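Below is one structure; the comments refer to it alone.
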Amino acid sequence: MARVVVDVMLKPEILDPQGQAVQRALPRLGFEGVSDVRQGKRFELEVDGPVDDAALARIHELAESFLANTVIEDFTVKVEEMVGEEK
């Protein structure tokens with residue numbers, strides 16, 4: 001079993017009001033030196049069986065058709081760790 005992570009972020013050219021709100025609040029909270037904040041989504045998928053090329057292709061298809069709005073968002077798919085197995 002493995003954990004596959006899909007990170008979804010707004011494309012760079014898309015305005016990110018939530019990220020901007022966080023960025024504006026940081027100096028008031030004592031956090032200086034942060035020049036930009038982008039807010040996104042993270043999906044962690046526990047996958048039964050091996051994560052081979054076919055499984056990654058299916059997860060990529062899932063991300064493209066269901067988890068991300070590809071008109072305004074980019075996404076990455078990566079295997080984060082093996083779960084319940086010795087490394």
To the nearest Å², the heavy-atom accessible area per residue of the chain with 1.4 Å probe amounts to 71 Å²
0 to 90° range, to nearest 10: angle between helix 17-28 axis and the chain longest Cα axis
60 degrees
Compute log10 of I(q)/I(0) for the chain with the Debye formula, placing one identical point scatterer on every Cα and leaving out solvent, at q = 0.18, 0.23 Å⁻¹, to two decimals.
-0.82, -1.02
How many percent of the accessible area of the range 2-82 is carbon or sulfur, using a 1.4 Å probe?
56 percent
Run the quick spin-label model on Val5 and Val47: label points 7 Å from Cα toward the beta carbon, then report their separation in nm to one decimal.
1.5 nm
Rounded to the nearest 10, the angle in degrees between the Cα long axis of helix 53-62 and the longest principal axis of the Cα atoms of the chain comes to 40 degrees
Please give the length that would be gained between Val22 and Ile72 if that part of the chain were fully extended, namely 0.36 nm times their separation in residues minus their C-alpha to C-alpha distance (nm, one decimal).
16.0 nm
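The values are calculated or read from the model by the stated rules, or taken from the named source; none is laboratory data. Source: prediction; values computed, not measured. Heads up, the Cβs are rebuilt from the backbone with ideal geometry, glycines too, and the neighbour counts pull from every protein chain shown. Note: accessible area is taken over every heavy atom of the protein model, side chains too, but ligands, DNA and RNA are not part of it. Shrake-Rupley method; radii C 1.70, N 1.55, O 1.52, S 1.80 Å.
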